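To start, the structure itself, in structure tokens.
What follows is calculated from the coordinates using simple rules that are stated; it is not laboratory data. Because the structure is a prediction, the values reported are computed rather than measured. Neighbour counts are summed over all protein chains in view; Cβ atoms, including those assigned to glycine, are modelled from backbone coordinates with ideal geometry.
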Amino acid sequence: MFKYIFLCFFRFSQFILIAQDADLKILSDTVAFKNKLSQITQKTQTIESDFVQEKHLSMLTDVITSEGVFKFKKENKIRWEYQKPFKYLVLINNNKISIKDENKTNTFDAKSNKAFEMMNTIIGNCLKGTILNSQADFKLNYFENTEFYVVKMIPKKKEVLSVLSEISLFFDKSDMTVSKIKMQESTDDFTLIVFKNKKQNVNISDEAFIIN
């Protein structure tokens, strides 16, 4: 019964994502969207949010779900604090990435790892409003539905395509913040990150981006 419930949840999650894609239509006025996003992000100095990360793998019937707290501070400081089911911390401070797993800490240059460098750039540029200037590295397609503006990014570089085939960014129409990020790794495997309880321009100290 337990496995059956998880299987139903997995199928239901896929159904929701397929339904969301099905009701998307091509965004006709991309200039207005870009201008609106730029205006909002210029005013945004910090973001704090809860997040739920779902890992969907075709080889598994269960969805691997993690929860935690996300923090961002301009210009390029990001904190992913995973709290459930395991504690795990990822800090991005400019081009330095620090990972703390239990009592073990590793720090390295983002440029030394293509996957981390790419995600560092994408997430940072999303929050700074410069993601739409990525035409050199991605083919950008614009869509919308009643809730979201959706930007689908297809990598142009082979080394990125070997890791991700497509990245979908869901911008909430009510406040232009990123509400979801879907990273398609293959035809059936993808990671979905959903941001909840978002707060903008709250006080976040620089110490939040340093491992103690």
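Structure above, values below:
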| item | result |
| --- | --- |
| Estimated dipole of the chain in Debye, rounded to 20 [Cβ of Lys and Arg +1, of Asp and Glu -1, Cα centre] | 400 |
| Given charges at beta-carbon only (K, R positive; D, E negative), |dipole| of the range 109-197 in Debye | 220 |
| Helical segments meeting 27 Å axial Cα length and Kyte-Doolittle 0.5 threshold in the chain (DSSP H) | 2-22 |
| Net length gained if the chain between residue 207 and residue 133 were fully extended (0.36 nm per residue, minus Cα distance) | 23.6 nm |
| Gyration tensor verdict on the range 2-209 (Cα atoms; rounded if a/c is under 1.5, prolate if a/b is larger than b/c, oblate otherwise) | rounded |
